[in-house]
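For reference, the structure is listed below as structure tokens.
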Amino acid sequence: MNIIDGKKIATEIRDGVKKEISSLRITPGLAVILVGADPASHLYVSLKERASKEAGIHFEKYLFFATEPQEKIIQKIKDLNADPKINGILVQLPLPSQFNENKIIESISPEKDVDGFHPKNIEKLLSGKKTIVSPLISGIMELIGSTDKEIKNKRIAILANSKIFAEPLQKMFKGSDVRITLSPADPEPFVRNADIIIIALGRPNLLKGDIINKEAIIIDIGTNHLPDGSTTGDVDIESFREKKCWVTPVPGGVGPMTVAMLLHNILEMAKNQSGVSPE
């Protein structure tokens, strides 16, 4: 088994972002909206804050109680849309159940939608137009690319619980046979002959090595917290020890890459909004 080291790749990307920011006469700005008291959401925001500040990105955090009115959050987003110091806006998801996530996301200016979740940005991606890509999706593509294996004309299996994630990801694999499977009871029929497997089901250790008969690339997006306090993915990584597959670990795979690509997005958005030629 070959481990795809997300931490190492993410560090290289973050270092590159920091270096480029220091060479430019602009300071990218990121604003994060955090609603409620969910410990995981607060942890994720703190990681993004630390990474942003280390890279030289101006960071603003706005905390809202779960009891506050939705319109107050939307008004803050509108204010940030008009703030020239802020190049990107992120709403930490999930929101408490009483809030309308779609309405709040849609209040973000598409040009400042750093997560790529605005309907206009998703529509552009699905139609093949250049747009802001979700850090999760671009992070996945970077991880796959790090293996140096050809991805064109391959069989790709995406196992997910929602088309909202799967369909934009599908568009990244041009010229390949991509099959989306939603919430399968048994993944084996869908992955046995796949060259690339992307799994995001939230089911601990579901994918076993004995049902993979190829040198596949496996991207594990599942993050599952076990009763003993440990964290594992959707892939039973120990069962792949004797395989020639490429596998992302959990933790240390997709998570660090998502943060790194968030910083990359903010830099590119700042360059675009300030008139500096983007990549």
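The values are calculated or read from the model by the stated rules, or taken from the named source; none is laboratory data. Quick caveat, the model's predicted, so the values are computed rather than measured. Backbone-built Cβ (ideal geometry, glycine too); neighbour counts: all protein chains shown.
Taken over region 192-237, residues that are part of a loop (DSSP other than H, G, I, E, B), crowded, with 18+ Cβ neighbours inside 10 Å and of a type in the set (Gly, Ala, Ser) amount to 4.
Answer yes or no: is there a residue in region 238-246 that is in a helix (DSSP H, G or I), in contact with a strand residue (DSSP E or B) (Cβ under 6 Å, 6 or more places away or on another chain), more than 30 Å from Asp83 (Cα to Cα) and not small (Gly, Ala, Ser). Yes, the conditions are met somewhere in region 238-246.
Within region 145-187, the residues that satisfy the criterion of being touching a Lys or Arg at 6+ places or on another chain (Cβ under 8 Å), surrounded by 13 or more Cβ atoms within 10 Å (Cβ to Cβ) and among the hydrophobic types (A, V, I, L, M, F, W, C) are Ile156, Ala157, Ile158, Phe173, Ile180.
Would you mind listing the strands (runs of 3 or more DSSP E) fully within region 26-92 where at least 1 residues are under 18 Å from the mean Cα position of the chain (by Cα), within 18 Å of Ile132 (Cβ to Cβ) and not β-branched (Val, Ile, Thr)? Let's see the steps before the verdict.
Details: elements: 29-35, 58-64, 88-91.
Because the criterion is at least 1 residues that are under 18 Å from the mean Cα position of the chain (by Cα), within 18 Å of Ile132 (Cβ to Cβ) and not β-branched (Val, Ile, Thr), the strands (runs of 3 or more DSSP E) in region 26-92 that meet it are 29-35, 88-91.
Does Lys72 satisfy the condition of being of a type outside the set (Ser, Thr, Tyr), loosely packed, with under 14 Cβ neighbours inside 10 Å, touching a His at 6+ places or on another chain (Cβ under 9 Å) and in the same structural domain as Ala40 (by TED's automatic domain parsing)? Taking the combined requirement at face value, the residue does not satisfy it. Among the residues of region 108-131, those identified as closer than 18 Å to Gly29 by Cα and either under 12 Å from the mean Cα position of the chain (by Cα) or assigned to a helix (DSSP H, G or I) (or both) are Pro110, Glu111, Lys112, Val114, Asp115, Gly116.
I need the full set of residues from region 123-160 which are of a type in the set (Ser, Thr, Tyr) and touching a His at 6+ places or on another chain (Cβ under 8 Å), in order please.
Taking region 123-160 first, the residues of a type in the set (Ser, Thr, Tyr) are 127, 131, 134, 138, 146-147.
Listed by number, the list holds a single entry, Ser138.
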